[in-house]
1. Across the stretch 65-119, which residue is nearest to the chain's Cα centre (by Cα) among those that are within 20 Å of R22 (Cα to Cα) and polar (S, T, N, Q)?
2. Report the residue count in the stretch 41-84 for those that are among the acidic types (D, E) and closer than 22 Å to I106 by Cβ.
3. Quick check on the stretch 34-45. Is at least one of its residues farther than 24 Å from T21 by Cβ and among the acidic types (D, E)?
4. For the stretch 20-38, enumerate the residues that are within 13 Å of the chain's Cα centre (by Cα) and among the aliphatic types (A, V, I, L, M).
Amino acid sequence: MLKKIFILIIVFLPLPLFAATRVFYFRDSTLARESLFNYPSYIDVLAPQAYAVDENGSISGSIDAKILAFTKKKKIKVMPLLTNGKFTQKSYQAILDNGSLQDSVIATLIAKAKQNNFYGNSRKII
């Protein structure tokens, strides 16, 4: 009986549910750009290490306009990554300990996501 249920589930579940999402972690370099521009059909989501936040909550960084134009043309979703800049405990602890600073960082990230239509930006959620 259990075997029949399992077979029914497999038969009636849409196959796209099992498709893998191909994420390309992107740290800007000549080799990374060559990979992006030469193999876009193998990339569903580009995850560039593009933004950094410091202990004051200031966000720096950007994504090259040429890369954004290319991903738009090739219909590759962009989901940028945020680092804590110098990768020090001090830089992220200052944000974690300050609710208003967290709110400011989040508001800035939401604005960037909306402005650039980054993947994961849903106006129903944000």
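A short reminder: the numbers here are calculations on the coordinates, not readings from a lab. This is a predicted model, so every value here is computed, not measured. For neighbour counting, all protein chains shown are included, and Cβ atoms are generated from backbone atoms with ideal geometry for every residue, glycine included.
1. Kept after step one, since they are within 20 Å of R22 (Cα to Cα), are these residues of the stretch 65-119: 67-82, 117-119.
Among the residues that remain, those that are also polar (S, T, N, Q) are: 71, 117.
On the way: T71: 13, N117: 11 Å.
Among those residues, the one meeting the criterion is N117.
2. Pass one, the stretch 41-84, residues among the acidic types (D, E): 44, 54-55, 64.
Restricting the remaining residues to those that are closer than 22 Å to I106 by Cβ gives 54-55.
Final tally of qualifying residues: 2.
3. Within the stretch 34-45, the first condition is being farther than 24 Å from T21 by Cβ, and the residues that meet it are none.
Within the stretch 34-45, none of the residues are farther than 24 Å from T21 by Cβ and among the acidic types (D, E).
4. Initially, the stretch 20-38 is screened for residues within 13 Å of the chain's Cα centre (by Cα), giving 21-27.
Once the filter is applied, which keeps residues that are within 13 Å of the chain's Cα centre (by Cα) and among the aliphatic types (A, V, I, L, M), the stretch 20-38 yields only V23.
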